[in-house]
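The values are calculated or read from the model by the stated rules, or taken from the named source; none is laboratory data. This structure is a prediction, so every number in the text was calculated from the model and none was measured. Here Cβ is always computed from backbone atoms with ideal geometry, including for glycine, and neighbour counts include all displayed protein chains. For the accessible areas, the whole protein counts, side chains as well, though only heavy atoms, and no ligand, DNA or RNA atoms are used. Shrake-Rupley method; radii C 1.70, N 1.55, O 1.52, S 1.80 Å.
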Amino acid sequence: MNLPANSNVEHFLPVLSAIQKARSRALSTASQQLLELYWQIGEYLSLKVAEQNWGQGTVRELAQWLAEREPNLRGFSAQNLWRMKQFYEAYAVQSELSPLVRVLSWTHNLLILSKCKSEEERRFYLKLAVEQRWSKRELEQQINHSLFERAIASPLKVSALLRELHPAADPVFKDSYLFDFLHLPEPHNERDLQQGLIKHLKQFLLELGRDFCFIGQEYAVQVGQKDFSIDLLFFHRELQALVAFELKIDDFKPAYLGQLEFYLEALDRDHDVVEYALSRSLSPTLVAQYQTRLPDKALLQSKLDEFYELAKLESGQ
């Protein structure tokens with residue numbers, strides 16, 4: 001078998017790219033058709049349960065009958081058929097969510113349906129799973145890490161300037177990040193934190209979000225004749241912006257904000273040190289916490305209960 005010469009590879013890449021894109025579209029189309037089928041079956045079963053009192057016994061008979069008629073058929077067990085009914089009933093009256101469930105795979109939908117306890121929680125993970133293009137494993141990890149509860153307990157406070165510069169920034173950043181994969185010593189210092197994040201960069205990127213691209217650690221910037229370094233520097237594809245991280249292990253101090261604003265100016269422009277220090281009266285800077293273990297489940301549930309009570313009061317129920 002003769003392989004193409006290296007000089008021809010660049011001309012062959014578009015062919016490979018076209019094949020891969022077509023395959024991806026075919027898989028996506030097949031997944032959407034399967035979801036449509038499951039939706040139709042779920043609707044039919046829901047109707048039969050309501051009008052003719054079908055129960056799980058009748059659904060088991062249906063599954064057995066299908067298996068006898070189509071021995072090679074897969075995915076239509078009694079348990080899966082009942083899930084199709086639950087799937088339809090969960091989203092039939094939620095027109096804004098119906099398009100989202102059709103974008104995700106059946107496995108994604110089953111995870112959200114089985115693990116989420118409320119309509120708000122399902123909406124939260126459906127939207128993020130689509131926006132962040134989470135794999136099944138990534139979705140499961142975020143649910144297991146109680147991302148919804150943490151977002152309710154600590155809602156993000158985005159500055160007006162950041163929202164003006166990047167209207168799409170709200171779902172990108174978090175008020176609190178969970179780094180339970182670090183296994184840091186206690187006590188630990190900022191160097192331990194930085195090295196741990198770099199060592200577990202894949203998990204760190206998953207916690208940040210899919211569109212973050214790592215550029216470097218101790219990223220050097222020069223202001224005038226002086227050298228400075230940014231702890232961690234990333235690029236965000238959707239925002240088309242650099243994102244600088246300054247890592248601190250103690251409580252927030254106003255001086256930290258000034259330091260980060262100075263670095264942001266250094267990334268933005270190339271003028272004198274004094275101009276950098278004085279020019280930012282408003283800042284797109286965010287302050288977030290990190291946690292090395294998941295917060296107490298009882299505390300998260302308490303915050304969630306408060307959220308639902310407030311929602312009831314606002315709706316007048």
Mean 1/r over distinct Cα pairs of the stretch 76-149, inverted to a Kirkwood Rh in Å, yields 12.5
Exposure rank, largest accessible area first [248, 136; 1.4 Å]:
136, 248
Solvent-accessible area of residue 23, probe 1.4 Å, all protein chains present, reported in Å² to the nearest ten, please.
140
Quick one: grab the alpha carbon gyration tensor of the stretch 38-113, order the square roots of its eigenvalues as a ≥ b ≥ c, and give me rounded if a/c is under 1.5, else prolate or oblate depending on whether a/b is larger than b/c.
oblate
Give me the distance in nm between label points sitting 7 Å out from Cα along the Cα-to-Cβ direction at residue 215 and residue 56, one decimal.
5.5
Amide H of residue 243: which non-local residues (sequence gap of 5 or more, or other chain) have their own amide H closer than 5 Å, using H built in the peptide plane?
234, 235, 236
When the accessible area of the stretch 109-148 is computed with all protein chains present and a 1.4 Å probe, what percentage of it is carbon and sulfur?
47
FRET efficiency for residue 242 and residue 186 from the Cβ-Cβ distance with R0 = 30 Å, rounded to 0.05, comes out at 0.40
Structure shown: which of 117/253; 117/199; 115/174; 127/199; 127/253 lie over 32 Å apart, alpha-carbon to alpha-carbon?
117/253; 117/199; 127/253
Report the label-to-label distance for residue 107 and residue 199 in nanometres (one decimal), using points 7 Å from each Cα along the Cα→Cβ vector.
3.0
Multiply the residue separation of residue 115 and residue 69 by 0.36 nm, subtract the distance between their alpha-carbon atoms, and state the gained length in nm to one decimal.
13.2 nm
